[in-house]
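Let me begin by presenting the structure, written as structure tokens, before commenting on it.
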Number of protein chains: 2
Amino acid sequence: MVRTDRKQEYTRLHYQQRAKKRNITRRVTHTYSLMEVQKVVAPPHRSTAAKLKTRLKETFFPDDPLRQFRGQPNRTKLIRAAQYIFPILQWCPEYSFRLLKSDVVSGLTIASLAIPQGISYAKLANLPPIVGLYSSFVPPLVYAVLGSSRDLAVGPVSIASLILGSMLRQQVSPIDNPLLFLQLAFTSTFFAGLFQASLGILRLGFIIDFLSKATLIGFMAGAAIIVSLQQLKALLGITHFTKQMSVIPVLSSVFQHTNEWSWQTIVMGVCFLLFLLATRHISMKKPKLFWVSAGAPLLSVIVSTLVVFVSRADRHGISVIGKLQEGLNPPSWNMLQFHGSHLGLVAKTGLITGIVSLTEGIAVGRTFAAVKNYHVDGNKEMIAIGLMNVVGSATSCYVTTGAFSRSAVNNNAGCKTAVSNIVMSVTVMVTLLFLMPLFEYTPNVVLGAIIVTAVIGLIDLPAARHIWRIDKFDFLVMLCAFFGVVFLSVQNGLAIAVGLSLFKLLMQVTRPKTVIMGNIPGTDVYRNLHHYKEAQRIPGFLVLSIESPVNFANSNYLTERTSRWIEECEEEEAQEKHSSLRFLILEMSAVSGVDTNGVSFFKELKKSTAKKNIELVFVNPLSEVMEKLQRADEEEEFMRPEFLFLTVSEAVASLSLKGGPSLNNV
Amino acid sequence: MVRTDRKQEYTRLHYQQRAKKRNITRRVTHTYSLMEVQKVVAPPHRSTAAKLKTRLKETFFPDDPLRQFRGQPNRTKLIRAAQYIFPILQWCPEYSFRLLKSDVVSGLTIASLAIPQGISYAKLANLPPIVGLYSSFVPPLVYAVLGSSRDLAVGPVSIASLILGSMLRQQVSPIDNPLLFLQLAFTSTFFAGLFQASLGILRLGFIIDFLSKATLIGFMAGAAIIVSLQQLKALLGITHFTKQMSVIPVLSSVFQHTNEWSWQTIVMGVCFLLFLLATRHISMKKPKLFWVSAGAPLLSVIVSTLVVFVSRADRHGISVIGKLQEGLNPPSWNMLQFHGSHLGLVAKTGLITGIVSLTEGIAVGRTFAAVKNYHVDGNKEMIAIGLMNVVGSATSCYVTTGAFSRSAVNNNAGCKTAVSNIVMSVTVMVTLLFLMPLFEYTPNVVLGAIIVTAVIGLIDLPAARHIWRIDKFDFLVMLCAFFGVVFLSVQNGLAIAVGLSLFKLLMQVTRPKTVIMGNIPGTDVYRNLHHYKEAQRIPGFLVLSIESPVNFANSNYLTERTSRWIEECEEEEAQEKHSSLRFLILEMSAVSGVDTNGVSFFKELKKSTAKKNIELVFVNPLSEVMEKLQRADEEEEFMRPEFLFLTVSEAVASLSLKGGPSLNNV
């Protein structure tokens, strides 16, 4: 019943409006000279301070985090503040046995993935394998308390490991000077965390937005290629391998050392690689069988270790991890180095690994939050990930973040809260305490196979095809990132792609669209003449729409472009002989801002059109623009009310009446 | 008669339209369920190549320089091409004695200004005074043939001289190694010209647009301060002066060497400075008396030289220019150095002086072209100025461009064509050939006074006040440029200001405006709820207007912002109890482009609104945006015709009918 009423109300409202409009139309038609058109009003006055406040709020607090506190009693405010800082308090009180069951299952699943991947990624970063396990123990605990995502599986990831390893290796050899290398890795981790947390605290999270989707897809595919090629060392059993990362030196190094290839290693590598790829394929075909690919790496490690242990293959050319120390993370804050010649390098490494790992972590968190329909606060996540890395750097961990592949498994395995991270962490702890001797005979070739299988998922061909279809320039950016990473270096590839993306943004601002508009017959709607074929230009009028803010970067272009529009229009009118251009109507709805150069543009335009006897009229200028133009318009040349209209059709209707007599007088 | 007819035609046309509209309105009102609304049509298909062509044309050829050749006979094409390359051919055939008379007067006037300023600016650049005269001889001739401005007075200018001198002095001392310094200056000039001409040929002229008005005003005021302080050396007669440029070392140097102050010099300096400032004041009050300030510098030079010669004051502490070599410009192409350790420095110096002098030259050309209502082609001007500097570097000239002050005098003196530059050049030639001995006793203090008087005009306080009134951020940029130049260095000040301006541009893109719109009662117009107080929100509808392209830099922000709009709107609706949010209408007129991230934003928005049972509707998407969204929309989720409307009012009208039944079913 209520709904039927509502429907009727809608219809009534609508009909009322229509009727009102009809009346107005009739009145306007009959007594148009009275000019009862809806006029543009001056915007409500606001002080500079108020405007600055709004601007700053929109820039740094678009999500308005204080909204939830407003109008609440103090107790609620306190609780909400505590919950805001420690999201664990949000779900902890309502935690149930049912949720725990799900979380234990998913936690154990990701642990079975995290242990072999942790060891492998640490090797990718040229760090001792055990650091990978340390990094899978402390950071997940920190994240469980501070993080707001329920699905993120925290730990070391391939790309950050690759960048950390390759950047530090530029100055310090991990073989000749392993202790210094480790110190620099922890210090870089500290800087990465500090940088991440600062971004969040200063609410500068939008900086990571400058890594566009296209850049990331190209970059990740390039990194996957680089990482996979690095694994040829382990997969072929080569002992003398190049230190460089890009394709050409790696491949030439592989083929220069064919004498070092070990057939035992190759056979083992191929077998396990095929096995892992097969399980990956199965899980991708049937997402319910996620546990097949999730358990496969651990199974491979166990089987290969057994094989090596039984056959003593380590004496026949298969290299193994070797003895690992038992026990939990030793403290490492005394290893952080804030002086000396490598400070610049570690700061830079921290910055780049920080941004890249943050991008991955936030993107993963947002993806699963969208799937499960909850909200992840980007800036809060940055603080959580940053603090996790700062704490990590003091407890022998290197850069960690939310890993995409493990988070997907976590989600598939039915995780409910961050408790799955705690379960994973406890499992890793047990491993660290009791199971380390078991890894002594684990062959490196299996770790290589695990890495290759993990990073192959980073090459996203369907996404590349999608980008090609939608935006050719984005595709170019993607290719630049890809080839830059593969042939130059990880940092250069990233820098080129980001530079190109920013260049495109600037070009959009520098060369904004101006559109010539025509009337769609039978309506008072004006649309792009080149899009709507039925749209018609009104003789004597040129209706232009400017579709961007007008500022220093484009005011010269707009001057040239509008003067060309006017000339073309005048030529056209001259050909038709029976009319001449009398009015330039600027549709300003899309001009979201002007600066001093923009204001000059409008002033100059007014002057140059006046010289040609063309009247300049503004339609629907936004409040900010109107205010600035009015302030600049001391002699009341162009912001007089008779040059301002709310819609193009009103402007045309009103001016064609006025234009007649003035044409007469000329 | 014809005009009355035309008026009637306009009125008839207008009434016809109104009548048509009324009919439609009536029909719509009565049989609205038939949905006879104007629908959004798919844009006409265009291939990627065609789109790329348009994009490139708009980027590099916004002025469409080939337009004048289209559809012309070959002979005309040839003539126009020649005229395009050599603008002199445009006015030369029609040149008359009357024009010549004007040009001779103005040419002689600017020559009287150019000779003392040329000598002074060369000293500012730490170059021999005669190089300033050489630079006022050859470049004006080149420009007269190639340039398209009729008012530009070409020669050395203060700011480019300052930058050239200060940058080169960082590595080479002009006193200890004058020959090398001169070589580097000529080579920098060559690079500046090469760079300027390349910008023009590659149609990259928009690069100078990135120096906004605010930046330039701050920068020029700072440079004027720096230049004036430098003149304290000449004005006080100090012999040991600091090599640094910024305020603090210069002032401390001035007050550390009070023992070197020469009272004769100071008296002379004060007298001539007062005289020059007084003449400047007179000419500013009465523009017709332009010749007072134009002739004053030459008069000062003559008088002061006579005074020194007669009183032999050069033996009493007043330093003079000294012997100058007679004769025209010697060739200097053999002095250009393209190797050695200073190559980086000269390239950088060339780049910066090139950009800065280009900015001045183009701005001056455009200003006077706008006054006299002719067109100056930016890219062509760059080629002209660039070639003029390349030729200059081979004929003992340093960086030249169109000087603002001299061009203003040129214009006031009634110049008609570039012949005034030729007249000036010939006058300088005569000076070089016969009058050089006269300058032997010209005191340096007068040159200092001439420079101070010239650069004081660069401090534009009214413009600064204007910027403060219009745009506070631009004012901040201006201050940064000013203080950067004054306290740091010319390059750093410029870099900071440009960086800030670009940051603002990026922030505008990163944080675009979204506006909530309401219906203006009695019309079908929808406008910003916060600007038009009478606008009303339609219950059940949220009408948002996105006012920028949607791309990687802002898609995350827009996601957060729209979700906040929706939540706020839902809360509001919930408070009113009797309705709930059913439709999200996105007004897309101002979304001038999307990239792959933008497309994902719309896809995700569709998904998230669908979860909340809100229907997403697009109003007036532009052709490019529509095309991309359609290509991305394989499952036809959101670009179906029923979700597309041409105007907000049509969307609201049509949906409120449709919304009723669906509300019923829920």
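The values are calculated or read from the model by the stated rules, or taken from the named source; none is laboratory data. Note that this is a predicted model, so its numbers are computed, not measured. Cβ placement follows ideal geometry from the backbone for every residue including glycine, while neighbour counts extend to all protein chains displayed.
Report those helices (runs of 4 or more DSSP H) wholly inside the stretch A:72-131 carrying at least 1 residues which are touching a strand residue (DSSP E or B) at 6+ places or on another chain (Cβ under 9 Å) and among the hydroxyl-bearing types (Ser, Thr, Tyr). Step through it out loud before you land on a result.
Working: elements: A:74-85, A:88-91, A:97-124.
By residue number, A:97-124.
Quick one: which of B:422, B:467 is within 14 Å of chain A (Cβ to nearest Cβ) and either assigned to a loop (DSSP other than H, G, I, E, B) or among the β-branched types (Val, Ile, Thr) (or both)? Quick ask: steps written out before the conclusion?
Working: B:422 fails: within 14 Å of chain A (Cβ to nearest Cβ).
Among B:422, B:467, only B:467 is within 14 Å of chain A (Cβ to nearest Cβ) and either assigned to a loop (DSSP other than H, G, I, E, B) or among the β-branched types (Val, Ile, Thr) (or both).
Does the stretch A:313-329 include one or more residues that are without any contact (Cβ under 8 Å) to a residue 12 or more places away in the chain, in the same structural domain as residue A:493 (by TED's automatic domain parsing), more than 30 Å from residue A:458 (Cβ to Cβ) and exposed (fewer than 13 other Cβ atoms within 10 Å of the Cβ)?
First pass over the stretch A:313-329, keeping only residues without any contact (Cβ under 8 Å) to a residue 12 or more places away in the chain: A:315.
Keeping just the survivors that are in the same structural domain as residue A:493 (by TED's automatic domain parsing) gives A:315.
Subsequent filtering for residues that are more than 30 Å from residue A:458 (Cβ to Cβ) retains A:315.
Then keep just the ones that are exposed (fewer than 13 other Cβ atoms within 10 Å of the Cβ); that gives A:315.
Checking the stretch A:313-329: at least one residue is without any contact (Cβ under 8 Å) to a residue 12 or more places away in the chain, in the same structural domain as residue A:493 (by TED's automatic domain parsing), more than 30 Å from residue A:458 (Cβ to Cβ) and exposed (fewer than 13 other Cβ atoms within 10 Å of the Cβ).
What is the one condition in (1) surrounded by 24 or more Cβ atoms within 10 Å (Cβ to Cβ); (2) in contact with a Gly (Cβ under 8 Å, 6 or more places away or on another chain) that residue A:126 does not satisfy?
Among (1) surrounded by 24 or more Cβ atoms within 10 Å (Cβ to Cβ); (2) in contact with a Gly (Cβ under 8 Å, 6 or more places away or on another chain), the lone unmet condition for residue A:126 is (1).
Determine which member of the set B:235, B:199, B:298 is more than 30 Å from residue B:502 (Cβ to Cβ) and touching a Gly at 6+ places or on another chain (Cβ under 7 Å). Spell out the reasoning first.
Working: B:199 fails: more than 30 Å from residue B:502 (Cβ to Cβ); B:298 fails: touching a Gly at 6+ places or on another chain (Cβ under 7 Å).
It is B:235.
Looking at A:482, A:473, which is the one that is touching a residue at least 60 places away in the same chain (Cβ under 8 Å), farther than 22 Å from residue A:152 by Cα and part of a helix (DSSP H, G or I)?
Numbers: A:473 fails: touching a residue at least 60 places away in the same chain (Cβ under 8 Å).
Going through A:482, A:473 in turn, the sole match is A:482.
Looking only at the stretch A:397-406, decide whether some residue is surrounded by fewer than 21 Cβ atoms within 10 Å (Cβ to Cβ) and assigned to a helix (DSSP H, G or I).
Filtering the stretch A:397-406 down to residues surrounded by fewer than 21 Cβ atoms within 10 Å (Cβ to Cβ) leaves none.
No: zero hits.
Hey, any hits in the stretch A:45-55 for a residue that's within 38 Å of the chain's Cα centre (by Cα), within 23 Å of residue A:619 (Cα to Cα) and at pLDDT 70 or above?
Within the stretch A:45-55, the subset within 38 Å of the chain's Cα centre (by Cα) is A:45-55.
Going one step further and asking which of them are within 23 Å of residue A:619 (Cα to Cα), we end up with A:45-46.
Among the residues that remain, those that are also at pLDDT 70 or above are: A:45-46.
Scanning the stretch A:45-55 turns up at least one residue that is within 38 Å of the chain's Cα centre (by Cα), within 23 Å of residue A:619 (Cα to Cα) and at pLDDT 70 or above.
Got a number for residues in the stretch B:513-526 being more than 7 Å from chain A (Cβ to nearest Cβ) and either surrounded by fewer than 16 Cβ atoms within 10 Å (Cβ to Cβ) or charged (D, E, K, R) (or both)? Write out each step before concluding.
Within the stretch B:513-526, the first condition is being more than 7 Å from chain A (Cβ to nearest Cβ), and the residues that meet it are B:514-519, B:521, B:526.
Of the ones still in play, those that are also either surrounded by fewer than 16 Cβ atoms within 10 Å (Cβ to Cβ) or charged (D, E, K, R) (or both) are B:521.
Residues meeting the conditions: 1.
Given (1) among the β-branched types (Val, Ile, Thr); (2) within 11 Å of another protein chain (Cβ to nearest Cβ); (3) surrounded by 22 or more Cβ atoms within 10 Å (Cβ to Cβ), identify the lone condition not met by residue A:490.
In the conditions (1) among the β-branched types (Val, Ile, Thr); (2) within 11 Å of another protein chain (Cβ to nearest Cβ); (3) surrounded by 22 or more Cβ atoms within 10 Å (Cβ to Cβ), residue A:490 misses (2) alone.
In contact with a helix residue (DSSP H, G or I) (Cβ under 6 Å, 6 or more places away or on another chain), closer than 24 Å to residue B:525 by Cα, of a type in the set (Ser, Thr, Tyr) and buried (at least 16 other Cβ atoms within 10 Å of the Cβ): is that true of residue B:649 in this structure? Reasoning before the result, please.
Working: in contact with a helix residue (DSSP H, G or I) (Cβ under 6 Å, 6 or more places away or on another chain): no; closer than 24 Å to residue B:525 by Cα: yes; of a type in the set (Ser, Thr, Tyr): yes; buried (at least 16 other Cβ atoms within 10 Å of the Cβ): yes.
Taking the combined requirement at face value, the residue does not satisfy it.
Filter the stretch B:610-622 for residues that are within 12 Å of chain A (Cβ to nearest Cβ), touching a Phe, Trp or Tyr at 6+ places or on another chain (Cβ under 9 Å) and of a type outside the set (A, V, I, L, M) and give the result.
B:620
From A:352, A:302, grab the single residue that is outside any loop (DSSP other than H, G, I, E, B) and surrounded by fewer than 18 Cβ atoms within 10 Å (Cβ to Cβ). Can you show your working first?
On the way: A:352 fails: surrounded by fewer than 18 Cβ atoms within 10 Å (Cβ to Cβ).
So the residue among A:352, A:302 that is outside any loop (DSSP other than H, G, I, E, B) and surrounded by fewer than 18 Cβ atoms within 10 Å (Cβ to Cβ) is A:302.
Step by step: first the residues of the stretch B:54-71, then only those that are in contact (Cβ under 8 Å) with a residue 40 or more places away in the chain and outside any helix (DSSP H, G or I), then the one that is farthest from residue B:409 (Cα to Cα). Which residue is that?
Filtering the stretch B:54-71 for residues that are in contact (Cβ under 8 Å) with a residue 40 or more places away in the chain and outside any helix (DSSP H, G or I), the one farthest from residue B:409 (Cα to Cα) comes out as B:61.
Filter the stretch B:196-247 down to residues that are assigned to a helix (DSSP H, G or I) and of a type in the set (D, E, K, R) and give me whichever is farthest from the other protein chains (Cβ to nearest Cβ).
Let us first name the residues in the stretch B:196-247 that are assigned to a helix (DSSP H, G or I), namely B:196-201, B:205-210, B:213-230, B:232-236, B:247.
Now drop any that are not of a type in the set (D, E, K, R), which leaves B:209, B:213, B:233.
Numbers: B:209: 5, B:213: 5, B:233: 36 Å.
Selected residue: B:233.
Considering only the stretch A:550-561, state which residues are at the interface with chain B (Cβ under 8 Å from one of its Cβ atoms) and in contact (Cβ under 8 Å) with a residue 24 or more places away in the chain. Break it down stepwise before answering.
The initial filter retains those residues of the stretch A:550-561 that are at the interface with chain B (Cβ under 8 Å from one of its Cβ atoms), namely A:551-557, A:560-561.
Matches in the stretch A:550-561: A:551, A:552, A:553, A:554, A:555, A:557, A:561.
Picking from B:582, B:564, which residue would you name as being within 11 Å of another protein chain (Cβ to nearest Cβ) and touching a residue at least 12 places away in the same chain (Cβ under 8 Å)?
B:582
Suppose the filter is more than 30 Å from residue A:84 (Cα to Cα) and assigned to a loop (DSSP other than H, G, I, E, B); does residue A:175 pass it?
Values: more than 30 Å from residue A:84 (Cα to Cα): yes; assigned to a loop (DSSP other than H, G, I, E, B): yes.
Here the answer is yes, as residue A:175 does meet what is asked.
Does the stretch A:350-363 contain at least one residue that is over 18 Å from the mean Cα position of the chain (by Cα) and in contact (Cβ under 8 Å) with a residue 40 or more places away in the chain?
First, the residues of the stretch A:350-363 that are over 18 Å from the mean Cα position of the chain (by Cα): A:350.
With the extra rule that they be in contact (Cβ under 8 Å) with a residue 40 or more places away in the chain, the set shrinks to A:350.
Scanning the stretch A:350-363 turns up at least one residue that is over 18 Å from the mean Cα position of the chain (by Cα) and in contact (Cβ under 8 Å) with a residue 40 or more places away in the chain.
Is the stretch A:497-510 home to any residue that is at the interface with chain B (Cβ under 10 Å from one of its Cβ atoms), in contact with a Leu (Cβ under 8 Å, 6 or more places away or on another chain), assigned to a loop (DSSP other than H, G, I, E, B) and modelled with pLDDT of 85 or more?
no
So is residue B:636 more than 20 Å from residue A:372 (Cα to Cα), surrounded by 17 or more Cβ atoms within 10 Å (Cβ to Cβ), acidic (Asp, Glu) and free of Cβ contacts under 8 Å to residues at least 40 places away in the same chain or not? Even if it seems obvious, please write down each step before you answer.
Numbers: more than 20 Å from residue A:372 (Cα to Cα): yes; surrounded by 17 or more Cβ atoms within 10 Å (Cβ to Cβ): no; acidic (Asp, Glu): yes; free of Cβ contacts under 8 Å to residues at least 40 places away in the same chain: yes.
Considered against the rule, which asks whether it is more than 20 Å from residue A:372 (Cα to Cα), surrounded by 17 or more Cβ atoms within 10 Å (Cβ to Cβ), acidic (Asp, Glu) and free of Cβ contacts under 8 Å to residues at least 40 places away in the same chain, residue B:636 comes out as no.
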